[in-house]
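The values are calculated or read from the model by the stated rules, or taken from the named source; none is laboratory data. For clarity, every value in this text was computed on a predicted model and none was experimentally measured. Because the Cβ atoms are built from the backbone with ideal geometry, glycine has one as well, and the counts that use them run over all protein chains shown.
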Amino acid sequence: MPLSTSNWSDHLLLKLVNVAVFVFLFGSGIYSSLDGHGAGKDTFFTPASYVFYTWSLIDLLLLGYIIYQFVDSSHDAVHGVGWRLALVGVLNAIYLHVFVTGHYLVAFIFALLVASTVSTVYWSLSAHYPAKDLFDAVFVHLPFSLWHAWSLVTVFISGFAAFTHAGHGHHPSLVVKVLVVLSLAFLSVTAWGYAFRSRKGDVAGAAVLAWTLFGIYDHQHNHLIKYFALAAFIVSLFAVVKSLYFTFVKGDGAISLGDDERAPLVA
């Protein structure tokens with residue numbers, strides 16, 4: 001599909017604000033990585049450090065969105081996201097700052113605000129602005145599908161940081177064990193929710209949760225938490241496989257190649 005830029009100036013103020021906020025958001029992400037404490041307080045829910053590179057992938061895709069918004073074919077998507085990208089960018093930057101500086105209760109509150117705002121974008125795109133082509137799927141729907149799932153993960157990470165004691169070097173209480181197990185089960189069930197939200201599901205959201213569950217298994221030392229996380233990962237992995245199968249394979253077993261078949265890779 002040829003990329004036309006004839007209407008690049010439509011909603012110009014919104015697009016320029018998005019550019020400015022992206023610089024702010026991306027700068028905050030770099031800060032949290034360079035700080036050396038990107039994972040914040042180490043709790044019994046904390047995943048391995050490599051899981052936090054999910055931020056980097058989301059930032060990279062959002063950079064694609066920032067560029068893509070100046071292309072004519074992005075008009076509907078820009079309208080669907082609207083000013084909420086700027087809002088969630090500011091909220092997320094505040095969240096990252098207070099989290100890496102150890103203000104975990106405040107971080108938990110902002111994690112909830114980020115998750116709720118990202119959810120409005122996610123469901124708006126899903127319900128009213130389906131991906132029209134590969135560019136829409138990759139640069140609009142994919143980052144918000146990933147971010148929707150990741151924002152849920154950050155709510156749990158922030159909640160455990162705010163309301164429980166540190167992980168390594170301590171023994172979890174029975175209450176903490178129960179809370180962690182329930183949280184892991186919730187993420188696993190939610191991964192299946194992504195997989196079955198439509199016939200083809202949302203493989204991106206399910207994959208983020210599966211990746212997080214594996215990271216928790218890899219990082220934690222308590223046997224109950226570690227191996228329950230492994231079981232939850234395996235269960236959620238089936239959700240990812242289900243979504244991949246129905247995304248790329250037609251009912252007759254043929255591999256789907258058309259844009260209409262590729263678009264549902266994300267919500």
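Across the range 83-105, which residue is surrounded by the most Cβ atoms within 10 Å (Cβ to Cβ) among those that are touching a Leu at 6+ places or on another chain (Cβ under 7 Å) and not hydrophobic (A, V, I, L, M, F, W, C)?
Within the range 83-105, the subset touching a Leu at 6+ places or on another chain (Cβ under 7 Å) is 83, 89, 91-93.
Keeping just the survivors that are not hydrophobic (A, V, I, L, M, F, W, C) gives 89, 92.
Numbers: GLY89: 23, ASN92: 26.
Filtering first and then ranking leaves ASN92.
On inspection, THR164 fails the criterion of being of a type in the set (Val, Ile, Thr), surrounded by fewer than 23 Cβ atoms within 10 Å (Cβ to Cβ) and farther than 24 Å from THR46 by Cβ. Does the range 112-131 include one or more residues that are touching a His at 6+ places or on another chain (Cβ under 9 Å), modelled with pLDDT of 90 or more, over 21 Å from LEU60 (Cα atoms) and hydrophobic (A, V, I, L, M, F, W, C)? For the range 112-131, residues touching a His at 6+ places or on another chain (Cβ under 9 Å), modelled with pLDDT of 90 or more, over 21 Å from LEU60 (Cα atoms) and hydrophobic (A, V, I, L, M, F, W, C): present. Residues that are closer than 14 Å to ASN18 by Cα and either surrounded by 19 or more Cβ atoms within 10 Å (Cβ to Cβ) or β-branched (Val, Ile, Thr) (or both) do not occur anywhere in the range 117-127. Quick check, is VAL140 under 18 Å from VAL88 (Cα atoms) and at pLDDT 95 or above? Judged against the criteria, VAL140 is not a match.
Might you let me know whether the range 93-115 holds any residue that is under 14 Å from TYR65 (Cβ atoms) and under 12 Å from the mean Cα position of the chain (by Cα)?
Of the range 93-115, the ones under 14 Å from TYR65 (Cβ atoms) are none.
No, there is no match, as no residue in the range 93-115 is under 14 Å from TYR65 (Cβ atoms) and under 12 Å from the mean Cα position of the chain (by Cα).
Within the range 200-221, residues that are closer than 15 Å to PHE52 by Cα reach partners that are surrounded by fewer than 24 Cβ atoms within 10 Å (Cβ to Cβ) and acidic (Asp, Glu) with beta carbons closer than 9 Å, at six or more positions or on different chains, in the pairs HIS219/ASP42. Of the residues VAL203, VAL208, VAL189, VAL155, the single one that is buried (at least 23 other Cβ atoms within 10 Å of the Cβ) and either at pLDDT 95 or above or closer than 17 Å to THR46 by Cβ (or both) is VAL208. Condition test on LEU34, is it modelled with pLDDT under 90 and either more than 30 Å from HIS170 (Cβ to Cβ) or in contact with a Ser or Thr (Cβ under 7 Å, 6 or more places away or on another chain) (or both)? The answer is no for LEU34.
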